[in-house]
Amino acid sequence: MRLHIFNPDHDLALAANLANYTAPHAGRELRADLGFLPALWAENGDWVLVDDLESTALYTRHMGQYLHQVRYLTFDELSRSYVQPSEICVWGWNKSLRRQLLRHGVEERLMPSDEYIELYRQFSSRQWAAEHLLAPLVRSHPQLLGEAVCCRKVPHLQPHTVLKSPWSSSGRGVRYVERADDSALRRWAENIVRQQGAVMQEPYYKKVRDFAMEFECTADRRVEYLGLSLFQTVRGAYTGNLIATEEEKTKELGQYVDSGLLQHLRHEIITLISSHIAPHYVGPLGIDMMIVSHPQAGDSFMVHPCVEMNLRRTMGHVALALTPRQPQPWRIMRIKYTDRYRLQVSPYLENIVNNALI
């Protein structure tokens with residue numbers, strides 16, 4: 001019996017690197033409202049940690065057809081339990097979550113050490129991904145492009161570039177440079193350098209399509225490819241995923257790039273992850289990419305093969321848990337916020353999707 005935990009504030013906790021970290025209000029809301037998500041991929045009989053049982057019963061009512069038969073329990077119930085799980089499966093590991101679980105009676109043997117979490121944190125940085133994934137991938141094929149420079153002090157602000165913090169959650173640590181004299185942006189970059197030791201600088205690319213490849217590192221040090229994720233972002237923040245078969249998603253991307261390039265990318269990434277990460281990490285990961293229009297490509301398109309690596313479960317993995325094995329009408333998975341966060345799975349609408357997601 002495994003214990004599953006959805007901790008969407010993970011990236012911010014990893015950036016803070018504190019054992020006593022308090023997530024911002026939005027992160028706590030997201031965790032409270034969507035804590036049931038692991039029931040999509042858990043096995044029958046597993047445990048899923050949630051903030052409130054009554055709310056979970058209400059929030060999961062419309063998702064019943066997708067969820068496995070799990071036991072939902074709170075931190076208080078976990079503290080009172082005489083039974084320890086066989087394994088803990090989290091969205092992502094950080095010092096704060098480790099401390100929280102220890103306080104509620106989870107045995108230390110079930111969690112990674114502080115030394116492991118520090119190594120994991122280094123693997124999770126944009127600097128590590130730029131040096132160990134992006135650079136070798138770009139060298140591997142003429143239709144791939146991308147560069148990112150780690151700056152130990154605030155660089156000269158150049159219009160049409162992007163600044164990123166080494167660690168951040170989706171969209172929060174990304175700033176687009178439009179003016180060289182942007183004093184507010186310079187102060188932001190100075191703060192990032194002071195807190196995280198560096199800031200990343202990248203060219204701005206004319207994006208045509210976001211997508212990702214999802215993987216999992218297994219206990220026997222293999223890297224398994226799980227599938228494509230076709231998703232939408234607005235100013236870097238995630239807004240939704242296409243739910244369709246792997247064949248249909250590959251065909252959709254085929255409007256821009258040949259499937260042979262995707263196969264090449266998958267093979268190269270598995271090789272790199274197998275060498276650098278699989279010996280040290282067991283769990284899911286995703287690599288965000290984008291198709292771009294670039295003068296170097298002429299009338300065709302190029303692929304940025306590693307916008308970032310998420311060394312954790314991603315919304316792409318959530319979408320894969322909803323993916324049909326056989327072709328059926330396409331659907332869209334979104335996280336919407338009104339009075340609370342909701343996971344919404346709705347029919348594909350051509351006129352909306354063409355303008356928003358696809």
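A few points about this structure:
- Summed over segment 236-250, residues that are polar (S, T, N, Q) and within 13 Å of the chain's Cα centre (by Cα) total 2.
- Criterion: assigned to a loop (DSSP other than H, G, I, E, B), on the phi < 0 side of the Ramachandran plot and modelled with pLDDT under 90 - qualifying residue of 325, 313: 325
- Each residue in segment 167-200 was checked for being open to solvent by less than 30 Å² (accessible area, probe 1.4 Å) and of a type in the set (S, T, N, Q), and 2 of them qualify.
- For segment 203-239, the candidate set comprises residues that are of a type outside the set (D, E, K, R) and on the phi > 0 side of the Ramachandran plot; within that set, the residue that is least open to solvent (accessible area, probe 1.4 Å) is 227.
- When 279, 305, 284 are checked against the criterion of being open to solvent by less than 40 Å² (accessible area, probe 1.4 Å) and within 22 Å of residue 218 (Cβ to Cβ), a single residue qualifies: 284.
- Within segment 60-82, if we keep just the residues that are under 23 Å from the mean Cα position of the chain (by Cα) and assigned to a helix (DSSP H, G or I), the residue that is surrounded by the most Cβ atoms within 10 Å (Cβ to Cβ) turns out to be 63.
- Out of 131, 118, one residue alone is in a helix (DSSP H, G or I), open to solvent by 70 Å² or more (accessible area, probe 1.4 Å) and without any contact (Cβ under 8 Å) to a residue 60 or more places away in the chain. It is 131.
- Looking at 164, 95, just one residue is closer than 22 Å to residue 306 by Cα, surrounded by 19 or more Cβ atoms within 10 Å (Cβ to Cβ), under 21 Å from the mean Cα position of the chain (by Cα) and at pLDDT 95 or above, and that residue is 164.
- A Cβ distance below 6 Å, combined with a sequence gap of six or more or placement on separate chains, defines the contacts here; from segment 48-66, residues that are under 22 Å from residue 90 (Cα atoms) and of a type in the set (Val, Ile, Thr) reach residues that are open to solvent by less than 70 Å² (accessible area, probe 1.4 Å) and part of a helix (DSSP H, G or I) in the pairs 48/38; 48/39; 50/56.
- Selection from segment 322-343 of residues that are of a type in the set (A, V, I, L, M), within 15 Å of residue 249 (Cβ to Cβ) and either touching a Cys at 6+ places or on another chain (Cβ under 9 Å) or surrounded by 19 or more Cβ atoms within 10 Å (Cβ to Cβ) (or both): 332, 333
- The set of residues from segment 20-45 being more than 17 Å from residue 88 (Cα to Cα), assigned to a loop (DSSP other than H, G, I, E, B) and open to solvent by 30 Å² or more (accessible area, probe 1.4 Å) comprises 20, 21, 22, 24.
The values are calculated or read from the model by the stated rules, or taken from the named source; none is laboratory data. Bear in mind that the values here come from a model prediction, so they are computed numbers and not experimental data. FYI the Cβ positions are ideal-geometry reconstructions off the backbone, even for glycines, and counts take in every protein chain you see. The area values use the complete protein model at the heavy-atom level, side chains included, leaving out ligands, DNA and RNA. Shrake-Rupley method; radii C 1.70, N 1.55, O 1.52, S 1.80 Å.
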